[in-house]
Amino acid sequence: RRLRPEQARGLAVVVVDADRRRAGAVQRVEQFVEQKTGKAFDLKLARSGITLRVPAQVSPLEVLEAKGIAIPYLCRGGACGQCETRVLQSDSSLEHNDVWLSDEVKACNSHFMPCISRADGGTLIVDL
């Protein structure tokens, strides 16, 4: 059964396959995260040229889903890495609210997690 976004908000569940050759070698990690709100911003999808407005109280992933644009995700909490997206350009700073990206990647703003992270206003252009 798949949870609706409002049911899943705030709970991140990550399943990592430690060794796919061995049965039962799966590690389950659960982490509770708080969805952060911030400033509204424009999310431009470079491949299609589509620009979407991301309201302050909604994640970029939720906006993409509402427009019928599917990207991979598992946790909605920035812990699984499935929705990691390459940033092409931003005219504002990024609010990295995830635990997946390294501090180095966060510092250079080359990727972000649309399930929980966002731009601090302005326009964010991503490789989608």
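The values are calculated or read from the model by the stated rules, or taken from the named source; none is laboratory data. Please read these numbers as outputs of a predicted model, since none were measured by experiment. Areas reflect the complete protein model, heavy atoms only, side chains present, ligands, DNA and RNA absent. Shrake-Rupley method; radii C 1.70, N 1.55, O 1.52, S 1.80 Å.
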*In terms of modelled amide H atoms, which long-range or inter-chain residues lie less than 5 Å from the amide H of H111?*
V87
*In terms of solvent-accessible area of protein heavy atoms at a 1.4 angstrom probe, what is the ranking of E104, E95, highest value first?*
E104, E95
*asked:* For R86, what accessible surface area do you get with a 1.4 Å probe? Give it in Å², rounded to 10.
replied: 120
*5 angstrom amide H check on A119, placed H, neighbours 5+ away*: E95
*Would you grab the residues whose amide H sits under 5 Å from the one on K44? Only those 5+ places off in sequence or on another chain, please, with H modelled 1.01 Å from N.*
L52, L124, I125, V126
